[in-house]
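Here is the structure we will look at.
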Amino acid sequence: MKKILVAYDGSEASKKAIELGIKCAQEEDNIVLLTVIPAELVESSFTKMLLPTIDMSSVVQSGSFKENAMESLSLIARGMETNVNQVNVDVEIGDPADEILLAAKKHDADIIVVGYKGYGKEGRFLLGSVTDKVVRYAGVSVLVVR
């Protein structure tokens, strides 16, 4: 039995990561679907700067981002359950790469599946990306899906 951690952010690349994660999984395997909400979205100083007179805590209830993400992941997970033993969902708040790496340890994942957002040759030097960091620092194999 393998544990496969699939990082999902709603992008086309992460949708392909889910598809490939399912194809690679066998019936007895477990999949963990993970979404990371960047901390900036929850407590953004930029948002506070743009809307200084609005108390964001009254507009956005604590946990609402997390609850919405959990609902979205649960829908995706239901569609995957017929292919594998078990699908778990996990939503974390923080730096996406760090949270993916921590979740891999927490869930004792055998492999991490992440999407890659292509930058083209002009932008390759900018690869301080989430995928690059996960590949560099993961303690398990990482499958990058294009």
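Annotation: of all residues in the range 66-85 being over 15 Å from Lys23 (Cβ atoms) and of a type in the set (S, T, N, Q), the one that is modelled with the lowest pLDDT is Asn68. For the range 90-143, the tally of residues that are outside any helix (DSSP H, G or I), touching a Phe, Trp or Tyr at 6+ places or on another chain (Cβ under 8 Å) and modelled with pLDDT of 95 or more stands at 0. Among the residues of the range 1-57, those that are acidic (Asp, Glu), modelled with pLDDT of 85 or more, loosely packed, with under 15 Cβ neighbours inside 10 Å and not in a helix (DSSP H, G or I) comprise Glu27, Glu28.
The values are calculated or read from the model by the stated rules, or taken from the named source; none is laboratory data. Keep in mind the model is a prediction, meaning the values are calculated, not measured. Using ideal geometry, Cβ is built from the backbone for each residue, glycine included, and neighbour counts are taken over all protein chains shown.
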